[in-house]
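Each remark here refers to the structure printed beneath this line.
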Amino acid sequence: MKNPFSLPALPALKEISLALIMFCMLAASHAQEQRTSYKVIFHGDSVGNMLLYQNKTGDNASYAIVSNVQIHFLLKFSLLGKEEANFQNGRLMYSSVSRKVNGKEKAAKQTKSVGNSYEATSFGKTVPSTDKPINYNMNMLYCEEPFNKQAVYSDNFQQFLTVEQVALHKYKIALPDGNYNYYTFSNGICSMVELHHSFYTVYMQLEA
């Protein structure tokens with residue numbers, strides 16, 4: 001009769017050890033992921049949310065922003081958006097922006113590192129890009145206050161935008177389309193975003 005308390009054979013022990021190692025690695029990686037939630041406010045009403053995911057492992061850092069907004073402004077607008085960015089040793093390696101309005105694709109943009117410069121595309125077509133190192137972009141703007149930073153890379157407009165400090169822990173970024181945003185920081189992270197459009201203003205407030 002087989003002893004019910006006997007130890008597993010050596011190959012089984014190896015498999016268990018490998019499984020435990022993989023589990024620990026995955027748990028450590030998961031522990032480094034942070035999620036930040038923002039409430040989207042339009043005309044005083046909550047109309048959706050935006051989630052920011054951060055994951056840092058060694059010299060690599062990744063960011064993802066997922067937004068889901070339902071706005072009634074003359075007509076009903078359903079906005080779904082996702083932005084991703086991957087950095088290695090503090091340098092942007094790849095970013096993407098996708099956006100749908102009422103189910104129709106309105107943005108499909110990518111920026112990727114190629115040698116010492118960058119290649120940018122919009123809906124699969126090459127567009128002008130930059131050969132300057134990108135070490136700070138709009139995704140990072142939500143979790144790192146731009147102390148002494150004069151510019152931020154916009155993955156949507158695929159160019160650098162000027163950062164202007166207008167008050168203590170508050171910054172303004174003018175957009176190429178004539179609109180502008182304000183970013184207010186508390187304890188080093190963005191606590192409020194004001195999106196000023198020609199016809200309306202949308203607020204994104206950090207949730208506790």
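The values are calculated or read from the model by the stated rules, or taken from the named source; none is laboratory data. Computed from a prediction, not measured in an experiment: that's the story for all the values here. Because the Cβ atoms are built from the backbone with ideal geometry, glycine has one as well, and the counts that use them run over all protein chains shown. Just so you know, the surface numbers come from the protein's heavy atoms only, side chains and all, with ligands and any DNA or RNA stripped out. Shrake-Rupley method; radii C 1.70, N 1.55, O 1.52, S 1.80 Å.
Go through 48-58, 90-100 and give me the packing order, highest mean Cβ count within 10 Å leading. Don't skip to the answer; put the middle values down first.
Working: 48-58: 15.9, 90-100: 17.5.
Highest to lowest by the protection proxy: 90-100, 48-58.
Quick one: compute the contact order of the stretch 56-104, relative version, from alpha carbon pairs under 8 angstrom and 6+ residues apart, as a percent. The partial results should precede the final answer.
On the way: 89 pairs, mean separation 16.8, N = 49.
About 34 percent, as a whole number.
Using a 1.4 Å probe on the protein heavy atoms, what percent of the accessible area of the stretch 30-82 belongs to carbon and sulfur? Write down the numbers at each step before the final one.
Numbers: 1670 of 3190 Å².
Here it works out to 52 percent.
Taking only Cα atoms of the stretch 85-183, what ratio of Rg to Rh do you get with Rh as the Kirkwood inverse-distance radius? It would help to have the intermediate numbers written out before the result.
On the way: Rg = 14.0 Å, Rh = 14.3 Å.
That ratio is 0.97, to two decimals.
Could you tell me how far the Cα centroid of the stretch 48-120 sits from the Cα centroid of the stretch 167-183, in Å?
19
Past 26 Å, Cα to Cα: identify those pairs from Lys39/Lys106; Lys104/Lys132; Lys39/Lys104; Lys56/Lys104, in the order given. Write out the running numbers ahead of the final one.
Details: Lys39/Lys106 23 Å; Lys104/Lys132 33 Å; Lys39/Lys104 24 Å; Lys56/Lys104 33 Å.
Over 26 Å Cα-Cα: Lys104/Lys132; Lys56/Lys104.
If we count every other residue with Cβ under 10 angstrom of Gly81's Cβ, Lys/Arg +1 and Asp/Glu -1, where does the sum land? Please list the in-between numbers first.
Numbers: positive: Lys82, Arg99, Lys100, Lys106; negative: Glu83.
Neighbour charge sum, excluding Gly81 itself: +3.
Please list, in order, the residues from the stretch 89-113 whose amide nitrogen is less than 16 Å from a point placed 7 Å along the Cα→Cβ vector of Lys76.
101-104
Would you mind counting up the charge near Ser191? Only other residues with Cβ under 12 Å from its Cβ, with Lys and Arg at +1 and Asp and Glu at -1. Display every interim value, and only then the final one.
Numbers: positive: Lys39, Lys170; negative: Glu145, Glu194, Glu207.
Taking every Cβ under 12 Å from that of Ser191, the sum is -1.
Extending each Cα 7 Å along its Cβ direction at Asn148 and Ala174, get the distance between those two points in nm, one decimal.
Distance between the two pseudo-spin positions: 2.6 nm.
Keeping all protein chains in place, calculate the accessible area per residue for the stretch 107-208 (probe 1.4 angstrom), answer in Å².
Details: 5460 Å² over 102 residues.
Counting only protein heavy atoms, the per-residue value for the stretch 107-208 is 54 Å².
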